[in-house]
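Here's the structure we're looking at; comments come further down.
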């Protein structure tokens, strides 16, 4: 599989990615645990069918010490006992935020209440920003057919 265009080598794309990366960096410094951030990115990427981002974030999470068991269970997090209540709230917010087009009312009040129970306002802003940003990355990579599998942890950072 070849990408449709060399997005990572194109100067215009580089400008776009710098801005997205800058926003992601700001949101990632919010106090939301790194493990939670990676779980949110992995789940959104799975839903969107973005192999490139799923590959990247599972490898980054593993390199940061995330267990293989938890990474293997992200797609089935509702049935898994290995996630904290706070992580489950973030995963629910990620799913509903990613599937916004599928839900008549968007993110439910219950999902927001559960997230707000575990995260302060800055962390909630960071979570919703990270969800929006990973969805942007997913769409870029899926539209471009960016191949997955060759990412090395820390490759872009």
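Throughout, read-outs are computed from the coordinates displayed, never taken from laboratory work. Because the structure is predicted, anything quoted here is derived from the model rather than measured. Here Cβ is always computed from backbone atoms with ideal geometry, including for glycine, and neighbour counts include all displayed protein chains.
Among 114, 56, 1, rank each residue by its count of other Cβ atoms within 10 Å, from fewest to most, as a rough exposure measure.
Taking fewest neighbouring Cβ atoms as first place, the list is 1, 114, 56.
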- Item | Degrees between helix 11-28 axis and first principal axis of the chain (Cα, 0 to 90, nearest 10) | 20 degrees
- Using a Gaussian network model of the chain with C-alpha springs under 10 Å, which one of 45, 94, 28 is most mobile by mean-square fluctuation? 28
- Query: Once both axes come from the Cα atoms, what is the angle between helix 51-63 and the longest principal axis of the chain, in degrees from 0 to 90, rounded to 10?
  - Reply: 70 degrees
- Overall dimensions of region 1-46 as given by Cα atoms, namely Rg and Dmax in Å: 13.6, 38
- Task: Please find the FRET efficiency linking residue 1 to residue 100, where r is the Cβ-Cβ separation and R0 is fixed at 25 Å, and quote it to the nearest 0.05.
- Result: 0.35
- Item | Footprinting exposure proxy for 156, 52 (fewest neighbouring C-beta atoms within 10 Å first) | 156, 52
- Task: Using 0.36 nm per residue of separation minus the Cα-Cα distance, give me the extension gain between residue 144 and residue 18 in nm, one decimal.
- Result: 43.6 nm
- Query: Gap in Å between the Cα centre of region 117-147 and the Cα centre of region 1-53?
  - Reply: 8 Å
- What distance in nm separates the simple spin-label points at residue 78 and residue 155, each placed 7 Å from Cα in the Cβ direction? 3.2 nm
- Exposure proxy ranking, count of Cβ atoms within 10 Å, fewest first, for 78, 99, 88, 43: 78, 99, 88, 43
- On Cα atoms only, tilt of 109-118 relative to the major axis of the chain in degrees: 90 degrees
